Amino acid sequence: MTEKKSEDYFAVAPPKRSGWENFKVFLWNGETSEFLGRSASSWGKLILILLLIVASESVIKQ
């Protein structure tokens, strides 16, 4: 059995889908468990940052 070198691997083209199929995969990608193109940890970080911004704005306005 021969070992494959890193040069032997190429990028794989994404599967051909219709517009509706692409939209459904964008909403929920079951392969990567992403919702709207973001993982759960990414959504958590985004929500945390937004909460910090809103909290800091409310403190500044007082």
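Criterion first (at pLDDT 90 or above and in a loop (DSSP other than H, G, I, E, B)) does residue 31 satisfy it?
Considered against the rule, which asks whether it is at pLDDT 90 or above and in a loop (DSSP other than H, G, I, E, B), residue 31 comes out as yes.
Between residues in segment 23-39 that are in contact (Cβ under 8 Å) with a residue 40 or more places away in the chain and residues that are part of a loop (DSSP other than H, G, I, E, B) and among the basic types (Lys, Arg), which pairs lie under 7 Å by C-beta distance while being six or more apart or on different chains?
none
The values are calculated or read from the model by the stated rules, or taken from the named source; none is laboratory data. Worth saying up front: this structure is predicted, and the values here are computed from it rather than measured. Note that each Cβ is placed from the backbone with ideal geometry, even for glycine, and that neighbours are counted across all protein chains shown.
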